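Data block below; observations after.
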Amino acid sequence: MELLFLGTGAGVPAKHRNVSAIALIMPEYQGETWLFDCGEATQHQILHTKVRLGKVTKLFVTHLHGDHLFGLPGLLGSRSFQGGESPLTIYGPKGIREYVEVNLRLTGTHLTYDLHVIEVEEGLLFEEGMLRVETHLLSHGIPSYGYRVTEKDKPGALLMDKIKALGLTPGPFLQKFKEVTRLTLDNGKEIRTADYLGPSKPGRIITILGDTKPCAGERRLAEGASVLVHEATFMIEKEAGANDFFHSSTRQAAECAKAAKAGVLILTHISARYKDDGEAILDEAKAIFPTAFLAEDFWSYSF
């Protein structure tokens, strides 16, 4: 999996940071790409990356502020112009369906693919194959959600010494040990496949939060995350002001990651006032949570 940051700024586009958009690229899952938010000019940012709109199957909107969704109508139209045919599902707060439908209707935009729009509520959003997505309400000026993507645990490695002791030799059929709970051998003996597998491999957890000040919702979504993407609109000196406008500081993002025992923290949604303060921003976070990174436009993190 790879998180590719298409826009890392807050509020309005700046020369050094466009507004919010993140791509989750998953080559291990048929090459699917999921987008989180779609701020103004997201489709233009995509032109400079390996992201292909036809591979985007899901788009999650955290909230309805313009810097998180003004790029959506153009992206939907471009996906058609580029020959997109596979279905696309948009998830977002109440109002996202009306926003999409009105834009498409007033502009006469015809889509060449099936579009589904789902207005989210707290809890389990969906579960497909190895992945499940949950959402929880955060604390912002309007309804803002965070998303938690959980990969199911994977079966452990085959214990070949034990398997060979059964008189079996390596071959494609060994995959059945990971697909079924019990297996009948050619000699009629029934075995429990778990006895021939090593410890299961924990799945990855990716938490991507919308705009928020510190709240219970963010802590719930961040708990045990392999990667936590958290807004850090302001530095510590402006923390009080950040909270007044329902945003978080670098310190609060780091404290959330620490309390949640996250693996990695990635800071994004940075105010345009901090054009040359990247090192200072990161230092503030690392003082509390050492495995922190500061996202820049077109920067990516693979895990």
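The table below gives the values:
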{"quantity": "Equivalent ellipsoid, region 125-218 (semi-axes from 5 times Cα gyration tensor eigenvalues, Å)", "calculated": "44, 11, 9"}
{"quantity": "DSSP-loop GluC sites (Glu not before Pro) across region 37-145, with at most 16 other Cβ within 10 angstrom", "calculated": "GLU85, GLU121, GLU122"}
{"quantity": "Trypsin sites (Lys or Arg not before Pro) restricted to DSSP loop in region 232-271 with at most 16 other C-beta within 10 Å", "calculated": "LYS261"}
{"quantity": "Alpha-carbon centroid distance for the pair region 74-88 / region 229-289, whole angstrom", "calculated": "35 Å"}
{"quantity": "Charge dipole of the chain about the Cα centre (unit charges at C-beta), most positive-ward option of GLY188, PHE126, ASN243", "calculated": "GLY188"}
{"quantity": "Distance in nm between pseudo-label sites at LYS238 and ILE118 (7 Å out along the Cβ direction from Cα)", "calculated": "3.7 nm"}
{"quantity": "Cβ-Cβ FRET estimate between ILE191 and MET130, R0 fixed at 22 Å, reported to 0.05", "calculated": "0.30"}
{"quantity": "Candidate lysines - alpha carbon under 16 Å from LYS238, same-chain residues fewer than 8 apart omitted", "calculated": "LYS213, LYS275"}
{"quantity": "Correct option for Rg and Dmax of the Cα atoms in Å [calculated from the coordinates] among (i) 17.6, 51; (ii) 19.5, 60; (iii) 21.9, 73", "calculated": "(iii)"}
{"quantity": "Ranked THR150, THR184, THR49, criterion: other C-beta atoms within 10 Å, fewest first", "calculated": "THR184, THR49, THR150"}
{"quantity": "Proximal lysines relative to LYS162, as straight alpha-carbon distance under 17 Å, when same-chain residues fewer than 8 apart are discounted", "calculated": "LYS176, LYS178, LYS189"}
{"quantity": "Partners for LYS15 among aspartates and glutamates (Cα-Cα distance below 20 Å; same-chain residues under 8 apart left out)", "calculated": "ASP37, GLU40, ASP67, GLU231, ASP276, ASP277, GLU279, GLU296, ASP297"}
{"quantity": "Intensity falloff of region 80-178 expressed as log10 I(q)/I(0), Debye formula with alpha-carbon point scatterers, at q = 0.10, 0.11, 0.17 Å⁻¹", "calculated": "-0.54, -0.60, -0.91"}
{"quantity": "12 Å cut-off, amide nitrogen to a point 7 angstrom out along GLU28 Cα→Cβ, residues in region 198-233", "calculated": "201-206"}
{"quantity": "√(5λ) per eigenvalue of the Cα gyration tensor, region 192-303, largest first, Å", "calculated": "31, 15, 11"}
{"quantity": "Selection of trypsin sites (Lys or Arg not before Pro), region 42-109, meeting DSSP coil and at most 12 other Cβ within 10 Å", "calculated": "LYS50, LYS94"}
{"quantity": "With Cα atoms, 0 to 90° folded angle of helix 250-260 axis to the chain main axis", "calculated": "20 degrees"}
{"quantity": "Spatial separation of Cα centroids for region 113-149 and region 1-21, in angstrom", "calculated": "21 Å"}
{"quantity": "Length released on extending from GLU279 to GLU296, taking residue separation times 0.36 nm less the Cα-Cα span", "calculated": "4.9 nm"}
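Values quoted throughout were computed directly from the atomic coordinates according to the rules given, and no laboratory measurement underlies them. These numbers come from a predicted model, not from an experiment. Quick reminder, even Gly has a Cβ in these numbers, built from the backbone with ideal geometry, and neighbours come from all protein chains shown.
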